[in-house]
2 protein chains.
Amino acid sequence: MSSRTVSNVVNGYAKVTDRTRERVQRAVEELGYRPNVLARNLAQGKSGQIALVVPYLDTPYFSELLQSVLRAARAAGYTVLIDQTDGDPEHERAFIAHGSRRLLFDGVIFSPLGLDQMALADRDPSLPLVILGERSSDGTFDHVGIDDVAASRQATDHLLGLGRRRVAAIGDQPYATGEAAQLRTRGFREAHEARGQAVHEDLVIGTPRFNRPDGAHAMARLLDLEEPPDAVFCYSDLVALGAIHTIVSRGLRVPEDIAVIGYDDIEEGAFSNPTVSTVSPDKEWIAATAVERLLLRITSPTPPPGLELRAPHRLIIRESSAR
Amino acid sequence: MSSRTVSNVVNGYAKVTDRTRERVQRAVEELGYRPNVLARNLAQGKSGQIALVVPYLDTPYFSELLQSVLRAARAAGYTVLIDQTDGDPEHERAFIAHGSRRLLFDGVIFSPLGLDQMALADRDPSLPLVILGERSSDGTFDHVGIDDVAASRQATDHLLGLGRRRVAAIGDQPYATGEAAQLRTRGFREAHEARGQAVHEDLVIGTPRFNRPDGAHAMARLLDLEEPPDAVFCYSDLVALGAIHTIVSRGLRVPEDIAVIGYDDIEEGAFSNPTVSTVSPDKEWIAATAVERLLLRITSPTPPPGLELRAPHRLIIRESSAR
DNA sequence: CTACGATTTTGCAGCGCTGCAAAGACAGCA
DNA sequence: TGCTGTCTTTGCAGCGCTGCAAAATCGTAG
C-alpha cells in the first residue's frame, strides 16, 4: 500500500479497486491521517484559495457581497482570503501587480476604488482576475456589474415622475477614479433630458466617499441653499441614510418635503425610519457569477475571453419616495 | 551564490556580508525573483494565515470587527482567511475539531454561536484558539469579551433611572448555546434588584437571533400586550433598530412613549432616526487583543495559559433614550 | 608563511504531496 | 501452459524552500 495509492483514494482519482479503496479508508480512519494541504499546494502549484479585495469591509454593501462570495466559493471547495484596501491606490496596485504575494491565492475578485483604468491595465496578466464595479474590461479579465447609467436614469426618472422639479444628486466624483459616480451622474442627466427638464447644476454635489457622514454633510449644504431641493438621488444607501438623518434633524419630512432614493439595497434601508427607496442590484447573481467566472479562469488551460457581465437590477420603492 | 544564500538575504536572516547582500539583491531585482510562499509554508509547516470564523458576516458588528482584525493581522504580516458558519454547530465544530482542514491557518479567532461549552471542549488542543463572545475559557484558549452582566446592568439601570417602570428585554435565549443572551438577562435582573423593583416577566422576550426582523417581531408582540412596556433593553443594536421600526410604524414615539437602548454600538445606530443609545464595546481593543494573543499562542514554544480578557465598554446615550 | 579561530557560504536532506512512467496483477485466449 | 492486452499499483523525481552541519573564506597571531 504505497503512499501514491493512498493519494489516489483520498482524491477519488484514478481507477482504484473497491478492495484497495476500502483497505486504505480503514487505515486512514484508524491512523487519523489528514492530507497535508501545504504539500499539496506546493506540488500542484495552486493554493485552492481566492482573494476578495474590497475598499471597505464595514460597508454593508460589501459585507453582504462577501457573504455571497463566500458561499459560492465554498461550494466549489475554495477558501476565501480577504483584504481591505481603504481605497489606497498603492495597496490596490500591489494586489494585482506583477506577482506580489501571488500564489497565496489562485485568483482575485477585486473591487477597485483608487485605481483608474490605466493603472488597472498594468498588471500581472497571468493572475486570474474578475473586477466588480465600474471599470470596463480590457479583454483580459471579466467585469461584473449592473448598468449604472440605466439604473440611475430610472431612479432619477422615478423622482421626476413624482412631480419633483428640483432634484439633487449626491455623490458625483469628477475625477479619474470616480467612474462609478460619473456613470450615475450621466444617468441622472439623461433622465432629465428625456423629460425635457434642465439639470439644476447647483444641486449636483460631490462626496469623497459614499458613506453616512458624506451624505449628511452634503445634505446640509443642499439645505443651506436659497432654493433647496425637493428630491435627492443618492449614489449609495448609506449616503441616503446620512442625508435623511440631516433632513429629519432639521425638522423637515421625508418624503413630504424631500423625497430620497438610494443605491445598493442594503438591508438597513428596509428597516430605517423612513424606509429607503433604492436601486437594488442582484448581489447574489453578482457574487455567483464573479466566482464562477474566476474559477473558470483559474482552471481553464487557455484564458477565456474577458467578458462584460451585466447583473440584473430593479427599483425598490419604499417610504422615502412614496407618493 | 547558492540558493541558500539568496534565502538568507531575502529573509534578512543570519550573518550576510554587505557585499553578498547587495549582489543578491541586484540579481533578485534583475530576474524579478519572487519567493514561493507555498514552498516556504511547506518547509516551515506554517501558513502565515489566521482564520476568523464568525456566525454572520453581514452583521455590522462582525464586519466592523473583521475590519479591525484584518488591520491587526496585516501589521503582523499575517493574512486573514474568513468563514461564516451561519451558527451551524456542525460547521463550527469542523473548524476547531481534530485537524479538519488544518494547516491552512496557523490559528483561529472564533465567535461561536451554535456550540455550547461542552462541544467547545472537544477540540484539537494543538490548534491555537481565541474565542470571542461568551464562552469562558477552560484554560487552553483565550477568551476576549466585555463584561456582559455589568454592561447589561448599566443599560437597564439607565432606563430605570429615566423613571420608566415597565422595562422590557428583547433577546433572551434560555438554552445551552444562548450564554451571551443569558448573561444579559442576568444583568437586566440585577439592575431591577438593585433598585428594589420587580422584573415584569411577561416583558422578557426571546428571539432566535439578534437581527432586525427579530427585533421587529418581538416588539410587535410587546405592543400587543394589555400593558405594553415604556422602555426596552435590546440585546443588539439591530434588534433595537427593528424594535424602533415597529414602534414608529404603530404611531408611537421614541423615546417619549418608549425608550430604547441597544448593544454593540454599530455605526448605523449613530445615524438612524432616532439615533440609538447603546452599550459600546471597544471593538478595536477586542480585535487587537485577540490577534495579539493568537499570534503569541502561535509563536510561543510552550502554550501560554488561557486568559479571560475583559474588554472595556461604555454606555452611549443617544436620542432613543434621551430624557 | 603557517596555523587557528571566527565568520560566512554552501550543499544536502527533507517537508508531504502529485505527475509520470514503469512494474505488477489479472483475465482471456490460443 | 504460455502469451497478450488491460487495468491497477508502485516507485521515483521534483515542487522551492529551510534546518543543519560541513566547507570555504577571512583575519590575525605565532
Give me a single rounded figure for A:207-218: the average over its residues of other chain Cβ atoms within 10 Å of their Cβ. 1
To the nearest 20 Debye, how big is the dipole of chain B about its Cα centre, given +1 on the beta carbon of each Lys and Arg and -1 on that of each Asp and Glu? 1520 debye
So how much accessible area does residue A:147 have, in Å² to the nearest 10, using a 1.4 Å probe? 60 Å²
Answer rounded, prolate or oblate for the protein assembly as shown, using the Cα gyration tensor with square roots of eigenvalues a ≥ b ≥ c: rounded when a/c is under 1.5, else prolate when a/b is larger than b/c, else oblate. oblate
For the interface of A with B, what's the total buried accessible surface in square angstrom, probe 1.4 angstrom, rounded to the nearest hundred? 4200 Å²
Over the heavy atoms of residue A:234, what accessible area does a 1.4 Å probe trace out, to the nearest 10 Å²? 0 Å²
How many nm separate the modelled label positions at residue A:5 and residue B:221, each set 7 Å beyond the Cα in the direction of the Cβ? 6.0 nm
Percent of accessible area on the stretch B:148-280 owned by carbon and sulfur, 1.4 Å probe? 47 percent
What translational D, rounded to a whole number of µm²/s, comes out for the stretch A:9-75 from Stokes-Einstein when the hydrodynamic radius is the Kirkwood one over Cα pairs, at 20 °C and 1.002 mPa s? 138 µm²/s
Given charges at Cβ of Lys, Arg, Asp, Glu: chain B dipole, positive-most of B:251, B:301, B:291: B:301
Evaluate peptide A:79-89: per residue, the Cβ atoms of other protein chains within 10 Å of its Cβ; return the mean as an integer. 4
Prolate/oblate/rounded call for the stretch B:1-129, Cα gyration tensor, a/c under 1.5 rounded: prolate
Which of the lysines could a cross-linker span from residue A:46 if the Cα-Cα distance has to be under 21 Å and same-chain partners fewer than 8 positions apart are dropped? B:46
List the relative contact order of chain A as a percent without decimals, with contacts defined as Cα pairs under 8 Å and 6+ residues apart. 17 percent
Work out how far the C-alpha atoms of the stretch B:148-280 reach from end to end along every principal axis, then list the three figures in whole Å, largest first. 32, 29, 24
Put +1 on the Cβ of each Lys and Arg and -1 on the Cβ of each Asp and Glu in the protein assembly as shown; which of B:110, B:175, B:77 then has its Cα farthest toward the positive end of the dipole? B:77
Can you pull the three principal axis extents for the Cα set of chain A, in Å, largest first? 85, 39, 30
In Å², what does the accessible area per residue of the protein assembly as shown work out to with a 1.4 Å probe? 42 Å²
So how exposed is residue B:285, as accessible area in Å² (1.4 Å probe, rounded to 10)? 80 Å²
For chain A, which span is the longest to avoid every loop-located (per DSSP) member of GluC sites (Glu not before Pro) having at most 12 other Cβ atoms inside 10 Å? A:1-225
Starting from the exponent 0.38 and prefactor 2.2 Å, build the expected Rg for the stretch A:90-177 from its residue count and divide its actual Cα Rg by it. 1.43
Across B:117, B:25, B:84, the residue with the highest GNM fluctuation in chain B (Cα network, 10 Å cutoff) is B:25
Quick one: grab the alpha carbon gyration tensor of the stretch A:262-323, order the square roots of its eigenvalues as a ≥ b ≥ c, and give me rounded if a/c is under 1.5, else prolate or oblate depending on whether a/b is larger than b/c. prolate
Accessible-area ranking of A:283, B:46, largest first, probe 1.4 Å: B:46, A:283
When chain B is treated as a Gaussian network with springs between alpha carbons less than 10 Å apart, the largest mean-square fluctuation among B:217, B:313, B:143 is found at B:217
Rounded to a whole number, the mean other protein chain Cβ count within 10 angstrom for residues of A:37-49 is 5
Got the residue B:126 label distances to the other copies yet, label 7 Å along Cα→Cβ, in nm, shortest first? 3.4
So what's the gap between the Cα centers of the stretch A:63-119 and the stretch B:253-323, to the nearest angstrom? 28 Å
Candidate residues B:157, B:224: accessible-area rank, largest first, probe 1.4 Å: B:224, B:157
To the nearest 20 debye, what charge dipole does the stretch B:1-89 have about its Cα centre, counting +1 at the Cβ of each Lys and Arg and -1 at the Cβ of each Asp and Glu? 840 debye
Cα-centre dipole for the stretch B:172-247 with unit charges at Cβ (Lys and Arg positive, Asp and Glu negative), debye to 20: 300 debye
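The values are calculated or read from the model by the stated rules, or taken from the named source; none is laboratory data. Predicted, not measured: the structure shown is a model, and the values here were computed from it. With ideal geometry, Cβ positions are generated from the backbone for all residues, glycine too; neighbour counts draw on all protein chains shown. With ligands, DNA and RNA removed, areas are computed over all heavy atoms of the protein, side chains included. Shrake-Rupley method; radii C 1.70, N 1.55, O 1.52, S 1.80 Å.
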